[in-house]
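See structure below.
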Amino acid sequence: MISERLVHPVPVKLSTRVSRISESATLRVSRRAAALKARGISVVDFGAGEPDFASPPAAVEAARRALAEGFTRYTPGSGIPELRAEVAEGYRRRYGSPWTGAQTVITVGGKAALFELALAVFEEGQEVILPSPAWVSLPEQIRFAGATPVEIPTRVEDGFRIHADDLLAAVTGRTRAFLVNSPCNPTGGVITPADLRRVVECAAERGLLVISDETYDHFIYDGLEHASVAALAAEFPETVVLAGSFSKTYAMTGWRIGYVLGPPDLIPAIEIIQSHATSNPTSFAMVGALEALRHCEAEVEAMIAEYAARRELLIPRLNAIPGFQCRPPDGSFYAFPRVADLYRPGRQGSIEIAELLLEEARVAVVPGAAFGADDHIRISFACSRATLAEGLERMAAVLAD
Ligand code: PLP
């Protein structure tokens with residue numbers, strides 16, 4: 001006899017924790033674009049936040065060799081010691097930070113680094129101050145950990161610069177941390193070293209943390225200086241925490257290698273969480289990442305030069321499309337044009353504009369609503385110049401009508 005339960009399945013009762021968060025809208029757009037592509041329709045994909053370059057050949061070869069040599073077992077949960085030491089050493093060389101390999105945990109991508117951090121330091125009832133628009137996962141991870149994201153608007157007029165004054169004005173008795181992502185996904189906005197110092201000084205006085213997501217640290221233009229908390233770690237060792245990633249810098253998104261560096265007291269907590277969540281990041285991927293750090297700077301330089309050239313090509317042509325207004329981003333590989341001038345009765349909001357561009361121009365972009373900025377769309381220039389030119393032409397043709 002067929003059970004009543006099979007005929008009328010009872011929905012799975014999900015945890016309250018998971019009901020606090022929602023699916024990443026960036027994934028939703030790529031799914032729709034993928035569905036069109038699967039039907040054989042040509043879609044220009046400006047949606048993905050993923051370099052179009054191949055991973056550096058030396059990193060690939062090192063990982064291949066590690067696999068062939070049987071480096072396929074569990075490693076220490078916090079990552080292989082050589083990679084931990086090399087990541088710390090890289091920051092020491094660039095910024096004079098005192099962090100050692102023991103203060104470095106290798107994680108399953110930067111996303112896991114930030115997630116584990118959120119679980120390790122945020123409590124129910126606490127507030128975390130972050131600039132907005134923000135990368136979709138940052139507020140969701142804060143909520144998942146039970147805390148409340150306090151989103152502080154940055155402004156289109158000054159290229160979405162992150163200002164210390166704005167962040168500091170939001171501090172309350174419930175504040176636990178500042179979470180700064182510079183250069184920012186999606187806006188490309190940055191914080192200056194002087195402003196970052198002010199935030200860190202204020203945090204140190206009050207016993208708060210400054211968590212710095214430096215995933216895009218190499219992608220900064222027009223001679224601007226990247227503001228890293230690594231430069232402040234010697235002075236404020238209990239206050240600053242850095243999350244980073246190999247994904248964008250080395251075009252190694254699928255390898256899933258990121259890291260956290262921070263105060264000695266915090267690191268064991270991250271290690272415990274990771275030991276119960278993922279255990280070590282993939283063994284041979286870490287060997288590839290180590291090779292990338294040691295020997296692939298030339299590839300990184302070449303990729304950065306190419307992003308800079310694409311940015312030069314893209315921004316003027318975007319501004320030539322009726323209804324688009326876009327400042328050159330200071331960093332990252334995203335343009336974040338304002339598109340509110342395209343609104344019409346019955347066509348309001350960035351989701352409608354993204355749908356219009358996908359359905360009529362066959363160009364995939366991410367609606368700014370996903371990041372808390374509904375009058376904008378995000379256009380990734382991590383794609384070839386030919387792809388950029390094709391997408392620009394398609395958008396211009398549809399929007400000229
Ligand atoms: N931080 C920001 C701002 C990002 O945009 C991303 C990826 O898109 C990440 C962190 C995490 O990247 P990954 O998990 O690939 O290292």
| query | Which FRET efficiency value, to the nearest 0.05, do you get for A340 and E61 by plugging their Cβ-Cβ distance into 1/(1 + (r/R0)^6) with R0 = 41 Å? | reply | 0.25
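If a/c stays under 1.5 just call it rounded; otherwise compare a/b with b/c (prolate if a/b is bigger, oblate if not). Do that for the stretch 196-296, with a ≥ b ≥ c from the square roots of the Cα gyration tensor eigenvalues. If you can, show how the numbers build up before the last one.
Details: a/c = 2.65, a/b = 1.24, b/c = 2.13.
Oblate, since a/c reaches 1.5 and b/c is not below a/b.
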| task | Could I have the simple spin-label model distance between Q348 and R155, label points 7 Å from Cα toward Cβ, reported in nm to one decimal? | result | 2.5
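R17 to K37: extension gain in nm, 0.36 nm per residue of separation minus the Cα-Cα distance?
Working: separation 20, 0.36 × 20 = 7.20 nm, distance 3.46 nm.
Gain on stretching R17 to K37: 3.7 nm.
Go ahead and run the numbers for FRET between E69 and A269, Cβ-Cβ distance against an R0 of 35 Å, rounding to 0.05.
On the way: r = 34 Å, r/R0 = 0.96.
Once rounded, the FRET efficiency stands at 0.55.
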| task | Just the ratio, please: alpha-carbon radius of gyration of the chain over 2.2 N^0.38 Å, N its number of residues. | result | 1.01
| Counting only DSSP beta bridges with both residues in the chain, what percent are antiparallel, rounded to the nearest 5? | 45
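Would you mind calculating the relative contact order of the chain from Cα pairs under 8 angstrom and at least 6 residues apart, reporting the percent as a whole number?
Details: 803 pairs, mean separation 91.1, N = 401.
It rounds to 23 percent for the chain.
Give me the 1.4 Å probe accessible area per residue for the chain, excluding ligands and nucleic acids, in Å². Write out the running numbers ahead of the final one.
On the way: 17320 Å² over 401 residues.
I get 43 Å² per residue for the chain.
In the stretch 143-219, what trypsin sites (Lys or Arg not before Pro) fall in a loop by DSSP, with at most 14 other Cβ atoms inside 10 Å? Kindly include the intermediate steps, with their values, before the conclusion.
Details: sites: R143, R155, R161, R174, R176, R197, R198, R206; in loops: R155, R161, R174.
The qualifying sites are R155, R174.
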| task | With a 1.4 Å probe and every protein chain left in place, tell me how much accessible area E355 has, in Å² to the nearest 10. | result | 100
| query | Taking only DSSP H segments of four or more residues, each worth -39500 (n - 2.57), what value at 222 nm results for the chain once the sum is divided by all its residues, to the nearest 500 deg cm²/dmol? | reply | -12000 deg cm²/dmol
| task | Over the stretch 57-295, calculate the relative contact order: mean separation of alpha carbon pairs under 8 Å at least 6 apart, over the residue count, as a percent. | result | 30
| field | Most mobile listed residue (G109, G258, G159) in the chain, GNM with C-alpha springs under 10 Å | value | G159
| request: Please give the net charge around A38, taking every other residue with its beta carbon less than 14 angstrom from that of A38, where Lys and Arg add +1 and Asp and Glu add -1. | output: +4
| said: Tell me which of P281, P193, L208 sits at the most positive position along the dipole axis of the chain, charges placed on C-beta atoms (Lys, Arg +1; Asp, Glu -1). | reply: P281
| said: What FRET efficiency comes out for A396 versus A54 if R0 is 35 angstrom and r is the Cβ-Cβ distance? Round to the nearest 0.05. | reply: 0.70
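Quick one: length gained pulling A386 to E297 fully straight, 0.36 nm per residue minus the C-alpha distance?
On the way: separation 89, 0.36 × 89 = 32.04 nm, distance 2.55 nm.
Between A386 and E297, full extension yields an extra 29.5 nm.
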| field | Candidate lysines - alpha carbon under 23 Å from K111, same-chain residues fewer than 8 apart omitted | value | K248
| request: Kindly provide log₁₀ I(q)/I(0) values, in the same order as q = 0.07, 0.14 Å⁻¹, from the Debye equation applied to equal alpha-carbon scatterers of the stretch 57-295. | output: -0.21, -0.86
| message | Treating only the Cβ of Lys, Arg, Asp and Glu as charged (+1, +1, -1, -1), what charge dipole size does the chain show about its Cα centre? Round to the nearest 20 debye. | response | 980
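The values are calculated or read from the model by the stated rules, or taken from the named source; none is laboratory data. Since the structure is predicted, the reported quantities are computational estimates derived from the model, not experimental observations. Heads up, the Cβs are rebuilt from the backbone with ideal geometry, glycines too, and the neighbour counts pull from every protein chain shown. Keep in mind that these areas ignore ligands, DNA and RNA; they rest on the heavy atoms of the full protein, side chains included. Shrake-Rupley method; radii C 1.70, N 1.55, O 1.52, S 1.80 Å.
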